[in-house]
1. Restricted to Cα positions, what overall size does the range 653-715 have along the principal axes? Three whole-Å values, descending.
2. Working from the pairwise distances between different alpha carbons, so that the mean of 1/r is found and then inverted, what is the range 310-368's Kirkwood radius in Å?
3. Order the following by accessible area, largest value first: GLU203, GLU195, GLU467. Probe radius 1.4 Å; ligands, DNA and RNA are ignored.
4. Pop the C-beta distance of ARG451 and HIS262 into the FRET formula with R0 = 25 Å and round what comes out to the nearest 0.05.
5. Just reorder GLU367, GLU481 by solvent-accessible area, largest first, 1.4 Å probe, all chains present.
6. Can you give the FRET efficiency for GLU646 and THR674, using 1/(1 + (r/R0)^6), R0 = 25 Å, r = Cβ-Cβ distance, to the nearest 0.05?
7. Sorted by accessible area with a 1.4 angstrom probe, largest first, how do ARG451, ARG283 fall?
8. At 0.36 nm per residue, minus the direct Cα-Cα distance, what do ASP106 and ASP376 gain on full extension? Give it in nm, one decimal, please.
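The values are calculated or read from the model by the stated rules, or taken from the named source; none is laboratory data. Owing to the predicted nature of the structure, the values given are computational and were not obtained by experimental measurement. Neighbour counts are summed over all protein chains in view; Cβ atoms, including those assigned to glycine, are modelled from backbone coordinates with ideal geometry. The area values use the complete protein model at the heavy-atom level, side chains included, leaving out ligands, DNA and RNA. Shrake-Rupley method; radii C 1.70, N 1.55, O 1.52, S 1.80 Å.
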Amino acid sequence: MKRSAGDNKSGRYSSSDQGRGGKLPSRTDILAFIARENDALGGEGKIGKRDIARAFNLKGHAKLALKDLLKDLEANGSIARRGKSLHKAGLLPKVVLATIAGRDRDGDLFAEPAEWDGGPVPRIVVTSKAGRRHEAPAAGLGDRVLLRVEPLPGAGPDEPAYRGRVIRLLPREKSQLLGVFRADTHGGGRVVPVEKKNLNRGEYFVAPSDQGVAQDGDLVAFEPLRAGRLGLPAANVRERLGALDSEKSISLIAIHAHQIPHFFGQDAFAEAERALPASMSGREDWRAIPFVTIDPEDAKDHDDAVYAERDGSPKNPGGFVLHVAIADVAAYVRPASALDAEALDRGNSIYFPDRVVPMLPERISNELCSLRPGEDRPALAARIVIAADGHKVSHSFHRVMIRSAAKLSYVQVQAAVDDGPRDDKEARLHTPVLVPLYEAYCALKIAREARGPLDLDLPERKIILDEAGKVRSVIIPPRLESHRLIEEFMILGNVAAAETLEARNQAFIYRVHDEPSLEKLNNLAEFLASLGIKLAKGTVMRAGQFNRILARVKGTDNEHIVNEVVLRTQAQAEYAAENYGHFGLNLRRYAHFTSPIRRYADLIVHRALISALGLGADGLDSLDGKELAEIAARISAAERRAMAAERETCDRLIAAHLAEKTGAEFMGRISGATSAGLFVRLDETGADGFIPAATLGDDYFRHDPKRHALIGSRTGQIHRLGDIVTVRLVEAAPLAGALRFELLSESDPHRARQVRGDAKGRSRKNPQTAARRLSARKSSK
């Protein structure tokens with residue numbers, strides 16, 4: 001058969017492929033159709049394979065050929081996939097968080113998206129529509145803005161690809177740098193930069209007239225000046241931000257570097273202080289249900305409580321009824337209030353080792369909305385019926401008043417399950433409540449295993465500080481079955497919320513996680529091939545397929561590296577007003593419902609449920625999809641900001657902890673490879689440091705991104721992601737969180753793995769066995 005110009009090299013399809021329907025369209029026809037339909041939908045990007053097949057009347061073999069053609073278009077970068085929707089590659093979403101980056105030759109402002117990983121950063125011409133009743137806010141250079149964007153048809157390669165209208169002006173990022181002021185005895189002093197990107201600039205001289213009110217050891221915002229003294233560049237202290245007198249204040253650096261709001265405005269604080277406990281009006285009385293909260297031992301707020309019982313219905317043999325009660329934050333934080341504005345600006349609570357920056361004042365989060373035992377608390381609750389195999393039979397939502405029976409920790413609950421210390425009267429007292437909880441969890445675990453969500457094994461470290469705020473230890477908390485129990489209940493509640501809102505045609509914010517891009521999957525295939533693991537390029541992966549790869553390397557020397565690379569292959573979860581599913585959890589619809597104290601997205605979902613189900617007058621305002629898309633963009637950016645701030649603070653604390661150990665040797669693993677050198681993560685503390693490529697030896701090392709490695713051009717020596725190494729700490733910059741290492745050993749991927757501790761082994765106990773043990777103890781009393 002003669003191959004047409006539009007064919008791929010494999011010959012799987014040609015333009016003559018036909019089933020019982022129409023002729024397979026050319027690549028040009030498909031790209032034109034996707035662009036035209038997306039434009040007609042306002043850039044929503046909701047065109048799928050089924051729409052294309054229907055438009056071109058494709059059936060039978062032609063539909064299979066279309067699937068192959070779309071794979072190739074995605075592989076060569078012509079189109080991109082968002083869930084099951086297709087759009088032209090490189091398209092921005094309809095609402096974009098961006099920065100005003102400059103002016104073009106005509107004097108018009110242009111912006112660049114804050115997040116972009118699809119090649120060259122697209123430019124957006126900022127426009128305003130004349131004659132509008134409500135003018136867009138005026139933006140200037142350096143401003144952070146939310147833009148509503150649309151593609152510019154016919155834009156050339158060197159021209160802006162989009163035009164955008166400012167729909168919201170966000171607080172401006174400060175342009176001054178951050179540093180620690182070190183005073184001289186005769187006035188003035190020096191500023192030492194605290195951000196890694198500014199370390200190479202060295203210190204700045206500060207004249208007495210430029211010192212302001214800064215004292216020795218203060219964190220300051222400063223502005224570089226042109227002239228200096230003694231060979232140092234000069235700086236002017238613009239603002240004193242706080243005293244860095246101990247590690248307890250180290251998080252101030254990240255708070256100010258990322259412009260995180262950490263003081264509540266007077267109006268919001270006053271609203272919180274005036275708030276009164278919610279009444280029973282309009283609520284069901286669930287106070288007789290013996291709910292329990294299960295949280296970390298050091299938790300100060302308790303926003304979820306659970307209870308389970310066996311379902312007595314003959315139609316559901318072996319089934320359970322779950323009750324998931326979530327603090328009713330919407331009863332206290334009303335739309336358009338000062339508290340609401342503060343919560344949206346923060347987006348979420350941020351948890352540092354030395355402090356918490358809460359989304360809501362303590363009066364709300366730690367008092368009125370904390371589900372304390374023995375105290376009446378308003379809640380929005382889900383009643384969920386599950387079958388013996390864990391699948392959900394039905395669910396309903398209720399606005400209730402509850403009275404928690406007990407505040408338990410994960411460790412307490414696990415000890416009760418494992419027949420632990422007998423002196424824990426609180427846990428033993430509530431064993432009758434824990435038995436059905438664990439039995440219900442066992443059923444949910446069956447459903448989870450059948451669903452096959454992504455199951456990465458990447459332990460998380462926790463920094464423990466002493467009373468002075470210094471690092472006492474860095475631990476890997478054991479992963480307990482009690483953690484998984486709560487996770488499964490919360491996931492089920494989140495799914496139920498999304499399903500209810502969709503069924504009621506209520507607009508809300510989804511928690512979404514896109515499938516990996518074909519480019520990342522192809523890179524993964526090339527990496528796995530270097531380990532002797534075959535994965536065909538162009539494969540459309542499901543979470544279960546990733547799990548089979550992880551299971552194949554479990555217990556081998558490659559387990560760690562494959563988990564790391566699979567993680568890097570994944571897209572980043574985010575919030576969106578449109579649904580494209582949650583790839584990692586392998587769920588078609590998902591929404592965050594279970595933590596409105598600390599996540600604004602959950603508060604939106606609570607309000608949406610209240611409105612959709614007629615549960616009160618304090619539900620969601622009449623927000624449309626466009627306004628929800630704006631909120632989703634803002635809180636997604638706030639989430640990324642929080643993650644970066646938490647990570648940087650941990651880096652600084654650990655660097656301060658290791659500063660006194662310069663010259664010491666450590667074991668670690670290569671956690672990254674770039675053309676500049678290697679990143680190494682230490683086993684004991686999880687600290688990340690850098691080895692410059694120039695210090696690796698006499699050889700010239702080239703970067704191989706497909707193998708995640710540096711390879712010596714002369715010797716062929718390979719330093720690869722996941723390899724075990726011995727390093728010496730050469731330099732520590734605590735305030736920047738930077739460590740520099742020297743490589744002492746050749747990379748060794750075959751060194752014996754460390755044996756897991758008993759605590760981790762205990763967390764793997766079979767939950768069915770644990771539930772039977774609890775039940776037996778209950779019946780013997």
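1. Computed over the range 653-715, the largest-to-smallest principal extents equal 37, 24, 16 Å.
2. Every distinct Cα pair counted, the radius reaches 14.5 Å.
3. Accessible-area ranking of GLU203, GLU195, GLU467, largest first: GLU467, GLU203, GLU195.
4. 0.05
5. The residues order as GLU367, GLU481, largest area first.
6. Efficiency at R0 = 25 Å is approximately 0.60.
7. ARG451, ARG283
8. Working it through step by step, the gained length comes to 90.9 nm.
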